[in-house]
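The values are calculated or read from the model by the stated rules, or taken from the named source; none is laboratory data. These numbers were taken from a predicted model, which means no experiment stands behind them. Neighbour counts are summed over all protein chains in view; Cβ atoms, including those assigned to glycine, are modelled from backbone coordinates with ideal geometry. Each accessible area value is taken on the protein alone, full model and side chains, heavy atoms only, with ligands, DNA and RNA left out. Shrake-Rupley method; radii C 1.70, N 1.55, O 1.52, S 1.80 Å.
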Amino acid sequence: MKRTIEDLALFGGRKAFLHPLYVGRPNKIDRSRLFDRLNWALDNQWLTNGGPLARELEDRVAELTGVRHCVATCNATAALQLLIRSAGLTGEVIVPSMTFAATAHAVRWLGLDPVFADIDPVTACLDPADVAARITPRTSAIIGVHLWGRPCAVDELEKVAADNGIQLFFDSAHAFGVTTGGRDIGGFGGAEVFSFHATKVVNSFEGGAIVTDDDGLAERLRALHNFGIGLGEVNEAAGTNAKMSEAAAAMGLTSLDSFGEAIAHNMAGYELYRRELGRIPGLGLIEYDAEERQNYQYVIARVDPETSSLHRDLLHALLHAENVIAMKYFSPAVHQMEPYRSQAPVSLPHTEHLADQVLALPTGTTVSLEDIRRVCNIVRLAITHGAEITRRAARQQSQSA
Ligand code: T4K
């Protein structure tokens, strides 16, 4: 364990970790099950186009999230695009900026205008009042994001959408397996989109899924993710190829088999982070509601620039020097990135404030409790000696300039 500033790798100490410790390492799986499934698919000679493994994954996801329909896709970004197209969205779509760029990019990729609304500083998700204030005659929908797996104010957003006659969907890339008010994420709005990217709590290498209780929408999604086949000759949306392969589904099913263990592991890690970092002035951890089912996929630290003498960016650099690959999820916020920054400048005070503070710390089944103790040791040392570290880092930088 590190005790003094000189022990920090940024100032010449030994790296705390020999190998990089990541936020998004794929969760552990039972490889023999994966290989059995891959062998089965090869023997079955059916590799994609709605094969049996993809169908099985869809059934399990639908059952787990309590919805009638699930369409598995090649990734969540394509799923968002497919959903936007299948739901016939036009004009403007209101999205948060405190998210991964994919949420807004999916809208823009289809030639629509993403309109950024601010977040509620408590939930860090869309602020329903700010959303309502940004609705114009061109607005066709809201896409909320359950950021870090913490649910949006779903009831309030449903009311805003209903009052204004617009559609509501959720980008639930972070919220697989989560509940709010005892209800499963997956059943809110017109549809919800999950990501099964390699870095997610359930992964299919690349993959995603759209879940919905809307029979008509499900039928369009299924047809349009397969070139529009099945919609008849008149099909303005034309269709795309957003299908999940059998290899991806084999991985997704195998990852799903270990989902319970991954949640238990993540939860133990989150609780340890809370015990180790819970009472340090200037540092906060984003909390999860213990009354709800969570996946604890992300542990997010907040470094408050007003009460900490160490800026988040310096903590980030300091951790990376130790081989702790913390991630700035999400900074800059999407409206602070191009092309939005130049083409649709907007001020979102709560989003900007949070984007300056957040840092995702290593989680997942490849990160042990001992790893977490050592990460916390560095974070504690850094924050408690923030002023001196900031001075030394500035001196180091001016000497190397
Ligand atoms: N909506 C939201 C709210 C999202 O967060 C995302 C994706 C999407 C939509 C779109 O979902 P997909 O279309 O991807 O299904 C990563 C992921 O690529 C991205 O899926 C994820 N969100 C985002 C939060 O994280 P980057 O740019 O941070 O990826 P990268 O390559 O820097 O990797 C992140 C960390 O994971 C690194 O520390 C390395 C580690 N890693 C990564 C991969 C791919 C591994 O250890 N192994 C791996 O195989 O976006």
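Figures for the structure shown
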| read-out | value |
| --- | --- |
| The chain: antiparallel DSSP beta bridges as a percent of all, rounded to 5 | 55 percent |
| Reachable lysines, given that their alpha-carbon falls under 21 Å from the alpha-carbon of residue 2 and they are not under 8 places away in the same chain | 15 |
| Net length gained if the chain between residue 49 and residue 400 were fully extended (0.36 nm per residue, minus Cα distance) | 120.7 nm |
| Average accessible area per residue (Å²) across segment 144-237 - probe 1.4 Å, nucleic acids and ligands excluded | 37 Å² |
| Sorted peptide list for 356-364, 63-71, criterion being average Cβ within 10 angstrom, highest first | 356-364, 63-71 |
| Within straight-line cross-link reach of residue 200, lysines at Cα separation under 26 Å, skipping those fewer than 8 residues along the same chain | 28, 243, 328 |
| At R0 = 35 Å, FRET efficiency that the Cβ-Cβ distance of residue 289 and residue 39 yields, to 0.05 | 0.25 |
| The chain, helix-only ellipticity at 222 nm - DSSP H runs n ≥ 4, -39,500 (n - 2.57), divided by all residues, nearest 500 | -12000 deg cm²/dmol |
| Peptides ranked, highest mean first, by Cβ atoms within 10 Å: ranges 212-218, 338-344, 101-107 | 101-107, 212-218, 338-344 |
| Unmatched cysteines, the chain - criterion: no other Cβ of a Cys under 4.7 angstrom | 70, 74, 376 |
| Euclidean distance of C-alpha centroids, segment 367-393 and segment 127-187, integer Å | 36 Å |
| With every protein chain in place, the chain: carbon and sulfur % of accessible area (1.4 Å) | 51 percent |
| Packing rank of 128-141, 186-199, 11-24, 317-330, where each peptide gets the mean count of other beta carbons within 10 Å, highest leading | 186-199, 317-330, 128-141, 11-24 |
| Segment residue 213-residue 320, extension gain: residue separation times 0.36 nm, minus the distance between their alpha carbons | 34.1 nm |
| Around residue 332: net Lys/Arg minus Asp/Glu count, Cβ-Cβ under 14 Å | -1 |
| Neighbour net charge for residue 292 - beta-carbon separation under 11 angstrom, K R +1, D E -1 | 0 |
